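Below is one structure, written out as structure tokens; the observations come after it.
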Amino acid sequence: MLAMLAVGARADGQAPQGLRADIAAADSALFGAFNQRDLTKLMSFFTRDLEFYQDNEGVASYAQTEKDFGEMFGQAARIRRELVPGSLEVFPIKNYGAMQVGRHRFCHVENGKEECGTFSFVHVWRRTDRGWQIARAISYGH
């Protein structure tokens, strides 16, 4: 506990308000790009050494993630992402960045009806000279 307090964490281990606000803003911008199908902007939020883990699909690199998003954006059904209110948690990672934990909902219209799925995720954000970028992503509960 003392080590976490030494790097600015609150007594409950979560990040101080400023870091939490930074990560919440980065998350919002990341999925703003996703929801607008802006592949170039979306990929700018990931480090080139990205490892993206999904329980139902395995591990993907930066290149594979870019290909997967490109194919998704080429489909007629427009998928949108929403962060589940109250699910955001942010924890500092000393000398690196932050870990974001939460739940998000992805929705699209299929056969005239809105279909949604809610999943859990962990993003490991690295503070880089390009700003906040995700180096590791874990998506589960599919």
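Find how many whole Å separate the alpha carbon centroid of the stretch 17-57 from the alpha carbon centroid of the stretch 104-132.
Taking the Cα centre of the stretch 17-57 as reference, the centre of the stretch 104-132 is 8 Å away.
In the stretch 51-137, what trypsin sites (Lys or Arg not before Pro) fall in a loop by DSSP, with at most 10 other Cβ atoms inside 10 Å?
Arg130
Let me check the size of the chain from its C-alpha atoms; what are the radius of gyration and Dmax in Å?
So, for the chain, Rg and Dmax equal 15.7, 54 Å respectively.
Between helix 62-73 and the chain, what is the angle of the helix's C-alpha long axis to the longest principal axis, kept within 0 to 90° and rounded to the nearest 10?
40 degrees
FYI, it's all coordinate maths here, none of it is from the lab. Since the structure is predicted, the reported quantities are computational estimates derived from the model, not experimental observations. Backbone-built Cβ (ideal geometry, glycine too); neighbour counts: all protein chains shown.
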